[in-house]
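Reading through the structure tokens given below for one structure.
What follows draws every value from the coordinates through simple rules; no lab data is involved. This is a predicted model, so every value here is computed, not measured. Note that we place each Cβ from the backbone using ideal geometry, even for glycine, and neighbour counts take in every protein chain shown.
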Amino acid sequence: MKRINNELFKILLLIMFIIFSTTYVNAQEKKKILYISSGSPTYTSTQEQMYGFDDLLRNDYEIYYEYMNTFKYPEKKLEESFYSLLSYKLKVYPKFDAVVFVDDSASAFALKHTELFGDSKLFLSSIFDDKIIEGAKNKNIECIIKEFKPISSNVEIIGEIYKNSEYKKKLTLITGLEDIYKNEINEFYSLQDKYPKLKFENKTVGFKSEEEIKEVFSKFSKREDIVLFYNPNSSTSSKIVKDTSTTLGSVRQILSAIEGTTEAPIFTTTNLGIEYGMMGGYTIDFYKQGSVTGDIVRNFLEGNKNYPEILEGERTSTLIFNQRHLTNNLISKKQIPQDSEIFYESEEFFKTYKNEIILVLIIFVILCFIIIFLISEQSIFKRANKKLKESKKIAEDANRAKSNFIANISHELRTPVNVISSSSQLIKRNLEIKDEIDKENLISNINMIDKNSHRLIRLINNIIDVTKSDTGYKNINLQNVEVISLIENTVQSVIPLAESKNLNIILDTEVEELIMAIDIDKIERIMLNLISNAIKFSFDKGAIFTYISVEDDNLIISVKDEGIGIKEESLCKIFDKFVQIDNGFTRLNEGSGLGLSLVKSFVNLHEGSIDVKSSECKGTTFVVKLPIKVLDSSEVIYNAGIDNKNTIVELSDIYI
């Protein structure tokens, strides 16, 4: 009895194991889908359709793929061989819950051989031929997804973009052979009355070789032509290609052959063309075709039949444009539909290549810094070289001026020394020869010696003053002086000499009396220097004007002559030491070249300024500006002035 119970227990365990194993296997078993495409897995369009379908379903369902490759093989031979292959596999494969046929050739095969698929639900996708849709009405077809034919939509976009065009452009529709695309061509021409700015034409292509395609597209020009390229699809390929002589095996090869053949804008009907430089438009999106098909199959397998029996192709299209070609053809985003996708859009481009752009910018900035550094270094070198040349020129000019000065001062010193020597010899000779002294002659010679001695002293004092100025030595004896009287006395002391040279001196003043702190000696020497120059360089019977005024707490003294004037290029160096306008030994007017340098030095000691204006043969004007200052608790000198003897000494030895 015990043994029987053990046997029963073992049988129960075995039954329970079988039941639970079967339940587990059934729970793990996935529903199966057969996907049959007209194309080849090497075709870009076929791959995109498959990826869209697979991405949506592969995690939850088992998917099996079969490819008819109708582009390369004649229809009859293909159908027989594919039927045999599929019949064998369907006997081996388990039952399929859904079978999907993609493109016309595969769908036509399905309608002809529905018995192969038993109770499996059939789905037709990317259907181009309306006859297939009509023939599917009485078959066991769950859903039909039509191919998008974007002729009217694209022509409408083109017409809107070019409606304001200055020239009437030619719009050419490029299709396959006319017997295949007759409906599309008729639809195209039916729109021409609606768009008078466009001239409608159609060009058919056999798609036999790249050379054929290049020849067609190379004839279009950017100025006159617009192209609408209707891409051939795998559903029509078998009808177009009846033999194996073609060198084009895929849409990608066709698009690659078109790329770069023309600058004319090319609108396209498949989004694959965007990456090959086409403008864009309403396009067939192969990935979306696969995704939409997968979504309908999922709904069926999950029991949700909320989809139409026939799905229009617009659901599988994408409105997309190439930003680069929009820009190249001067088309703005406002001219295209607002819901358009933009390929190569600036923001997307930046996001995609953000790191590369940042790296390029960093390199660019570094290169800019290097270039700026090199330019600045070169600029510094040029400036240094320029300063070196300027310094060299200044040194050469100074050396030349000093050489001229030595020659001039030697001449200036030699003249009074010769006069003194000659006068001394005359006195000695008269004393030795004559018994009686000729007092008149003796006094004349002594006066000559005295005059030229003062001339020597003045020249030496000028040299000493220049040396002091160079070393920054400031020796100024300021006193409160009635300056108007001082200037008047100085000018009047020169009148006899001016009259002896047929010159007229005119003094005019706006101020009758002005007390200010000045160095009497230096102001006298300033005035005598300026008047001396005016006398020496005035024409015969000319006039010399001295004008005194007060402006903004400054004493203004101007000395103007109507003489030979100074060249404009010489004005900038007129106050330099040792400088003379004529450096030759045969100058019309001799001098040491220190006078105006001393004038500027004396004016600077009074914290004033001196300017000069001159025109050749029209005269020269010197303007001295001295700030009016008064010393506290100091006596005022009202009768400052010089005698005629000192005036003659000044005028005899102060030169420019």
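Observations
- The gain in end-to-end length when the residue 62 to residue 201 segment is fully stretched comes to 45.2 nm, 0.36 nm per residue minus the alpha carbon separation.
- FRET efficiency, residue 306 to residue 192 (Cβ-Cβ, R0 45 Å, nearest 0.05): 0.65
- Segments 475-486, 528-539 sorted - mean Cβ within 10 Å per residue, highest first: 528-539, 475-486
- Three-way shape call for segment 510-555 based on the alpha-carbon gyration tensor, with the a/c threshold at 1.5: oblate
- Packing-based order for 279-285, 115-121, 289-295, 491-497, using average beta carbon neighbours within 10 Å, highest first: 279-285, 289-295, 491-497, 115-121
- The packing ranking, built from the mean of other Cβ atoms within 10 Å per residue, places the peptides 382-392, 31-41 in the order 31-41, 382-392, highest first.
- Averaging the sequence gap over all C-alpha pairs within less than 8 Å and six or more residues apart, then dividing by the number of residues, gives segment 60-213 a relative contact order of 15 percent.
- Cα-based shape type of segment 115-209, given that a ≥ b ≥ c are square roots of the gyration tensor eigenvalues and the cut on a/c is 1.5: prolate
- Among the listed pairs 402/560; 541/613; 194/333; 169/334, those beyond 27 Å (Cα-Cα): 402/560
- For the pair residue 635 and residue 540, the difference between a 0.36 nm per residue extended length and the Cα-Cα distance amounts to 29.9 nm.
- Straight Cα distances below 15 angstrom link residue 182 to the aspartates and glutamates 129, 130, 201, with same-chain residues fewer than 8 positions distant left out.
- Listed pairs 387/625; 91/137; 146/208; 146/203; 197/288; 30/89 exceeding 29 Å between Cα atoms: 387/625; 197/288
- Set of aspartates and glutamates with alpha-carbon distance to residue 305 below 18 Å, sequence-local pairs under 8 removed: 97, 119, 142, 295
- Theoretical FRET efficiency, 1/(1+(r/R0)^6), r = Cβ-Cβ of residue 611 and residue 414, R0 35 Å, to 0.05: 0.50
- Candidate aspartates and glutamates - alpha carbon under 14 Å from residue 214, same-chain residues fewer than 8 apart omitted: 259, 263
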